[in-house]
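Working notes, beginning with the structure itself.
The values are calculated or read from the model by the stated rules, or taken from the named source; none is laboratory data. These figures come from a predicted structure and were not determined experimentally. Positions of Cβ are generated from backbone atoms using ideal geometry, with glycine treated the same way; all protein chains shown enter the neighbour counts.
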């Protein structure tokens, strides 16, 4: 059964988001081994929404749906410009720190930690939607997340 809630666009909302995931995992019997990855992905994506979409006051909606051996999580952000998290340039983690440009590490990690990540934007509604999945199968091998260059 899906669980969803709206969160104020504030870093302070992270504790409420983590409470929602913990409660949903316990109530729905979702494998607890997935919780850390889900919380980390949610933190990175939600923080980016708060940090980079400052013109919007709309709440960010989070939906958590149990799926076979895992979970699907959707973040929906309203009254925002498009930013496709699946199409951001990959970072070169082999470069010395002095040669790296700031930013992008969080999305780089998220794309490798989840099984899949999708982005959808509605121009008419100015609505951004990010959906990711994490399953127990994804714990055992390399990520099958959307390929990144």
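If you go through segment 1-27 and keep only what is assigned to a helix (DSSP H, G or I) and in contact with a strand residue (DSSP E or B) (Cβ under 9 Å, 6 or more places away or on another chain), you end up with 13, 14, 16, 17, 20, 21, 23, 24, 25, 27.
Filtering segment 50-79 to residues that are in a loop (DSSP other than H, G, I, E, B) and either buried (at least 19 other Cβ atoms within 10 Å of the Cβ) or under 16 Å from the mean Cα position of the chain (by Cα) (or both) leaves 53, 59. Scanning segment 1-38 for residues that are surrounded by fewer than 18 Cβ atoms within 10 Å (Cβ to Cβ), within 16 Å of residue 114 (Cα to Cα) and within 15 Å of the chain's Cα centre (by Cα) yields a count of 1.
The residue pairs whose first member lies in segment 127-139 and is under 15 Å from residue 66 (Cα atoms), whose second member is surrounded by fewer than 17 Cβ atoms within 10 Å (Cβ to Cβ), and whose beta carbons are closer than 6 Å, counting only pairs six or more residues apart or on different chains, are 131/118; 135/69; 136/31; 136/69.
Looking for whichever is at negative phi, over 18 Å from the mean Cα position of the chain (by Cα) and at pLDDT below 70 here; the options are 147, 102. Which one fits? Before you say what the answer is, go through the steps one by one.
Working: 147 fails: over 18 Å from the mean Cα position of the chain (by Cα).
So the residue among 147, 102 that is at negative phi, over 18 Å from the mean Cα position of the chain (by Cα) and at pLDDT below 70 is 102.
Kindly indicate the residue of segment 82-91 that is in contact with a helix residue (DSSP H, G or I) (Cβ under 9 Å, 6 or more places away or on another chain) and assigned to a loop (DSSP other than H, G, I, E, B) and also modelled with the highest pLDDT among those meeting that condition. It comes out as 83. Look at segment 41-65: where a residue is within 25 Å of residue 115 (Cβ to Cβ) and a partner is modelled with pLDDT under 90 and crowded, with 16+ Cβ neighbours inside 10 Å, sitting 6+ places away or on another chain with Cβ atoms under 6 Å, you get 41/110; 44/106; 44/110.
Checked against the criteria, residue 30 counts as at pLDDT 90 or above, assigned to a loop (DSSP other than H, G, I, E, B) and more than 17 Å from residue 129 (Cβ to Cβ).
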